[in-house]
1. Under a plain spin-label model, where a point goes 7 Å from the Cα along Cα-to-Cβ, how far apart in nm are residue A:269 and residue A:123?
2. Using a Förster distance of 45 Å, how high is the FRET efficiency between residue A:314 and residue A:432, based on the Cβ-Cβ distance and rounded to 0.05?
3. What list do you get for B:168, A:287 if you sort them by fewest beta carbons within 10 Å?
4. For residue A:169 and residue A:343, calculate 0.36 nm times their separation in residues minus their Cα-Cα distance, and state this gained length in nm to one decimal.
5. I need to check one value: relative contact order of chain A, counting alpha carbon pairs closer than 8 Å and at least 6 residues apart, in percent.
6. Can you give the mean number of other chain Cβ atoms that lie within 10 Å of the Cβ atoms in peptide B:9-22?
7. Where in segment B:104-131 is the amide nitrogen less than 17 Å from a point lying 7 Å along the Cα-to-Cβ axis of residue B:255?
8. Evaluate peptide B:84-94: per residue, the Cβ atoms of other protein chains within 10 Å of its Cβ; return the mean as an integer.
């Protein structure tokens, strides 16, 4: 196939899409393994979701970490040890900016540039079409590999009911930024995830009335247990390698003894066992339920005129509905079959990272761990960098690794026993996942 | 086998934060060189580098820092402190460890991708450290054999011609035997992350670290030690302190250009 003259060949360079936490660690680790890297970032600064200035950032004024600092930091660039257990989102942005500065990653990033298309050219290489964010002349460059790190918390999942006839104000949680939006109003918050609970708690402090609608009962874990961040306590059990049933029993007992029986406040009984849904960590929700500031209500069935109809047939009339329905992954620059996407839009990737039919295409950060994402994204990108290196330096060994990986059972690295929902498409236990990655890294250890 | 990925110790009981003593000397103008972080050995503090090396490195355009080991420490806490200070510097840092500080640096290199690493008079791990110390200073080292803390003599650390030797020796802190055991008999550090270029510097006349140990340490990192005959263990406090630091900075300049 003759090269078209307007394609700039970047030879062995790797293209990284996105300069958020996952993209930054991909750049750093690829460069550490000797690759030239071009990273394209649609915004004009690093930080991705953690940068509140970005259009696609989901953070609101009060966003704090859900997992504690030691379980969230990059393994080779710790956060300052005098920071609080659960730092504010502005510190996270500062941390990512310092990471980029420390490792001089800015040299590899093209800001204000969005990726329009990524197409395979047949020999494992890729044509990447870019342009200035929002328009402008398109440019095509050819790369040896493409690493997608475009995040998965920016494309809101729509409310599964028709809201066209609703006359009240309806916003997605991504548009919620400041408690001033809630002050003195009657607010309905839809969704029992971490964001939904955070906003319900803020509404309890600001709004005149608050309803919190959840589809099912959840296990609301407190942020602290026995004076320690709860995830650090939980990891003690993981360290001892207690079996799941025992951890479930201890979790249940501990929650019973500390938080108590939440059905007393009108919350539904969880329809699943602990550890079968993404952890919801919120100490204040139950507190405000107990003060009557939040009224739990069932699922939303319809929105009509000024009213919201609920699953139990009752009707409420809020001024503002905030849907914390979560987000769906989106790769508008990739043909769906490249990442084996099903009809629901769920990609099928080995270890949630490696494209199954394209050895030079990988996605970093598309996991939902029961801990911080950065450590997983770091080790994912180390694995991808080693893999790309091995493919070139020792194709025979690379083929053997690929052969072995294709036989790796799904249950060894992903959570299968979870509530079926798009919320849990990428749910992993960070310990099982990291064990699997470590095994893969050992197979690819440089000789 | 300890895992590099599953860090339960850090996840379940993080090292408590302390106020760390960090001394520094910075170049006059804006420089393109990476910062250099000096890590002293047991008994020494950040002051040992502030005497000559920090200022000299700064005068040659390298932002230079040194960190004191925390009081009531442990090997884990020392390594933690080095990584904390390194990650807090504006750019990817070069780690320079002296004596037992070189062992601390070796562990830190598995936790932080240093720009480069220099091991100065690196104390070898385990029994060979004790053997060498026994030959050079039998009376000071004998207590170590029965589990007490060894004492480093003035003669072991400093050259006979060093006028400030007594003053320096008086500044050394006693270190509990527990710390010596931890640092010398820890599981060998895993390989450095990011594959930094590494240099070993020492003296064949060092009375703490024998020549053979220098060769072994350097060979493990694929090189030969850079030797400065006639100098004592504390190269940075020796009358000839300028020679080794100049050689280190020359090497660094060459490595950074690659």
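Quick note: the coordinates plus some simple rules give every number you see, no bench work behind them. Since we're looking at a predicted model, the values are computed, not measured. Every residue, glycine among them, receives a Cβ derived from its backbone with ideal geometry; neighbour counts consider all protein chains shown.
1. 6.5 nm
2. Working: r = 42 Å, r/R0 = 0.94.
So, using R0 = 45 Å, E works out to roughly 0.60.
3. By the 10 Å Cβ count, ascending: A:287, B:168.
4. Value of the extension gain: 59.5 nm.
5. For chain A, the relative contact order is 19 percent.
6. Working: counts 2, 7, 16, 14, 5, 9, 3, 2, 4, 2, 1, 2, 0, 0.
That average works out to 5.
7. Only B:104-123 fall inside the zone, counting backbone N under 17 Å.
8. Neighbouring Cβ atoms belonging to other protein chains average 4 per residue here.
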